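The values are calculated or read from the model by the stated rules, or taken from the named source; none is laboratory data. The model shown is predicted, which means the values in this text are computed figures rather than measured ones. Cβ coordinates were reconstructed from backbone atoms using ideal geometry, including for glycine residues, and neighbour counts include every protein chain displayed.
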Amino acid sequence: MKLDKKDIRALTKEQLQHFFVSSGDKAFRGTQVYEWLWNKSVHTFDEMTNLSKETREMLANNFVINHVEVDSMQKSNDGTIKNAIKLHDGLIVESVLIPTEKRTTACVSSQVGCSLDCKFCATARLKRMRNLNPDEIYDQVVAINKQSQLYHNRKLTNIVFMGMGEPLMNYNNVLKAIEKITSPEGLGMSSKRITLSTSGVPKMIKKMADDQVAFNLAVSLHSAIDEVRTSIMPFNATFTLDNLREALAYWYAKTKSKITYEYVVWEGVNDQKKDIDALVKFCKHVPCKVNLIEYNSIDDGNFKQANTSAINKYISSLEANGITVKVRRSRGKDIDAACGQLANKS
Ligand code: SAH
């Protein structure tokens, strides 16, 4: 008996075909298995019904299918569903299904915990435990797509990398997952419907631009003044706004794709005229739009969402300068499923 069976999903299609050929079967068998694993996303070899019983047993003797499982599910009054997803080593990440009138969005995680230390984010308190591998990212999307069809009678329309973790600190795996999500052999979704949200790692933003990725980029800005940003997002001391701005200009030059800035306005942090002026100035460098997002409390009392009048001042200044701004309401707050609240509370 083999103790450590290999995860069959770590094999490429070509490797699977080769495996069958070298065990005296046809390459075509590898293609069939690949379809079961990815397109149909089965969890057991027994479900591969167009293979003989012997072939299924042979596969089970040689491989395992490491799949994630929905460990628990919470439903919000607004239809949002938060999933605790259990990985094969028992660690948990969270993924959220967010239905609106026109869309169903999956918010997926890229790491277990996070290595960054944004002061306002619950995930930061978990620290980074490990990166997710490409299938663990892909599987979250598959699981949410199934829920979308089950509870809302329609397929997933959008994906945002706004769950746990910093996607650009796990770039290769995120990219591989996106390749599978967009491939016809995977889910066949359009890159245009995928948004990667980053706290802003300049070197990696440039790398993405060089890779000519076709998905959308969102940057969690929250302040365009270095001292303020560093006080709430300490890694800004290393990846300063100057570096970020330069990387974003590079991104736009290469991709011609507008950037979305995510921005929360907090009382006493970034609610003054100087904060607004700095944001307007920052926005003029590279074509962009601004999403003002609601603050979701993480129960530490250190941050408080600014009042409506402060937010309205942001809106009027941005609009007066021709910058598109939207106010984004949070979803799933009652079950701690909103941005920044993912921390495996349950
Ligand atoms: N690490 C990535 C993606 C995960 S966070 C990033 O930083 O973009 C997803 C979004 O939620 C980011 O814009 C982040 O700044 C925001 N966020 C984090 N904590 C929040 C909170 N408590 N309330 C509202 N938004 C929050």
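Residue pairs, Cβ under 6 Å, 6 or more apart or interchain, first in region 222-242 and aliphatic (A, V, I, L, M), second outside any helix (DSSP H, G or I) and surrounded by fewer than 19 Cβ atoms within 10 Å (Cβ to Cβ). List them. From region 222-242, the pairs are Ile232/Lys119.
Let's see how each residue does on (1) hydroxyl-bearing (Ser, Thr, Tyr); (2) within 14 Å of Val219 (Cα to Cα); (3) surrounded by fewer than 19 Cβ atoms within 10 Å (Cβ to Cβ); (4) in contact with an Asp or Glu (Cβ under 7 Å, 6 or more places away or on another chain):
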site	(1), (2), (3), (4)
Asn270	no, no, no, no
Asp275	no, no, no, no
Leu279	no, yes, no, no
Phe282	no, yes, no, no
Pro287	no, yes, yes, no
Val290	no, yes, no, no
Ile293	no, yes, no, yes
Asp299	no, no, yes, no
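For region 109-121, residues that are near the ligand (Cβ under 8 Å from one of its atoms) and within 21 Å of Ile159 (Cα to Cα) total 3. Looking only at region 303-331, filter to residues that are over 19 Å from Ala218 (Cβ atoms) and within 26 Å of the chain's Cα centre (by Cα); which one of those is farthest from the ligand (Cβ to nearest atom)? Applying the filter and picking the extreme gives Lys304.
Of all residues in region 166-206, those being over 22 Å from Ala143 (Cβ atoms) and either basic (Lys, Arg) or not assigned by TED's automatic domain parsing to the domain that holds Gln111 (or both) number 3. Beta carbons closer than 6 Å, at least 6 apart along the sequence or on distinct chains, pair a first residue in region 154-173 that is of a type in the set (Phe, Trp, Tyr) and modelled with pLDDT of 95 or more with a second that is within 7 Å of the ligand (Cβ to nearest atom) and part of a helix (DSSP H, G or I) for Phe161/Pro167.
Per-residue answers, yes or no, for (1) within 14 Å of the ligand (Cβ to nearest atom); (2) closer than 25 Å to Ile181 by Cβ:
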site	(1), (2)
Val213	no, yes
Asn216	yes, yes
Val219	yes, yes
His222	yes, no
Glu227	no, no
Ala237	no, no
Thr240	no, no
Lys258	no, yes
